[in-house]
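Heads up: the structure comes next, in structure tokens.
FYI, it's all coordinate maths here, none of it is from the lab. Note that the coordinates shown come from a computational prediction; the quantities given were computed from them, not determined experimentally. Virtual Cβ from ideal backbone geometry, glycine too; neighbours counted across all protein chains shown.
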Amino acid sequence: MKRTAFFVSDGTGITAETLGEALLAQFEGLEMEFVRMPYVDTQDKARAAVEEINAAAARDGCAPLIFDTVVDQHLRQILGTSAGSMFDIFATFLAPLEQALGKPSSFTVGGFHHAQHHHYYQRIDAIHYAMANDDGASGSEYARADVILVGVSRSGKTPSCVYLAMQFGVHAANYPITEEDLDRGRLPPVLVAAQERLFGLTIDPERLASIRHARRPDSRYASIRQCEDEVRQVEGLFRRYRIPFLNTTRMSVEEIATRIMMEKAIQGRKR
């Protein structure tokens, strides 16, 4: 049975979505559809949200889950008329925090956003950086990189860079190791110059062939032999240049990003 989860907020919805998805990840075998509803900050928007939630309830045949960070109690009352099950993320944590800190919270609309103003714009800058430095697009910008992901084509470099940027504000670039690089048996000079910031991604050849086949069916690029050769050679490069690397075959993008940050100790860096 499919369930729909709504992340409703009077701000960006990042808090509701991040915590809601983290909680739902603890339940295996769920078929979920996620819907983010940011900036629900008027009664008309709240009523429109109720209509969409009720439509999902009728479609799914069960109550949708609503993770919300809406501060205005009038808006929450409107949302409470829906056919969904509501989980107030702020209320869950604020009362214990108020007790522990010995002071009341301000509990204001957009408070989290304003408190994280610097980090918000840091993430935006990091996203722009990841896009500008995707697939070796701009080697001249590697000096700004916190980490440079390297690996064969379709090994998970781009989504990992984007996730690092969106969630953590990490400046992540990536460079695809090409057949020409492998034939030469060495890293290109632009990577050697930034070797201490390199992190390698590899993948099982069978999985790589499947991914490439969806992109270019029945091509040499997607053949199992080509994939086996590229993976074997690129892992050899990683070992020769002592580049830390991990196999992404059975890992989510969240797990990949966390491992990269741990290995490269990025979380301790300040700009």
Which ones in the stretch 237-246 are over 12 Å from Leu149 (Cα atoms) and surrounded by 17 or more Cβ atoms within 10 Å (Cβ to Cβ)? Leu237
Here the residues within the stretch 133-176 that are surrounded by fewer than 18 Cβ atoms within 10 Å (Cβ to Cβ) and charged (D, E, K, R) are Asp135, Glu141, Arg144
All conditions in (1) without any contact (Cβ under 8 Å) to a residue 40 or more places away in the chain; (2) closer than 25 Å to Met251 by Cβ; (3) of a type in the set (A, V, I, L, M, F, W, C); (4) in contact with a strand residue (DSSP E or B) (Cβ under 6 Å, 6 or more places away or on another chain) are true of Ala5 except (1)
Just one of Arg220, Arg232, Arg184, Arg215 is of a type in the set (D, E, K, R), out of contact with any Leu (no Cβ under 6 Å at 6 or more places or on another chain) and closer than 20 Å to Pro159 by Cα; which is it? Arg215
Run Val71 past the list (1) free of Cβ contacts under 8 Å to residues at least 60 places away in the same chain; (2) farther than 27 Å from Ser252 by Cβ; (3) out of contact with any Ser or Thr (no Cβ under 6 Å at 6 or more places or on another chain) and report the number of the one that doesn't hold. (1)
Residues of the stretch 17-44 being in contact with a strand residue (DSSP E or B) (Cβ under 8 Å, 6 or more places away or on another chain), surrounded by 15 or more Cβ atoms within 10 Å (Cβ to Cβ) and closer than 16 Å to Leu75 by Cα, which ones? Met37, Pro38, Val40
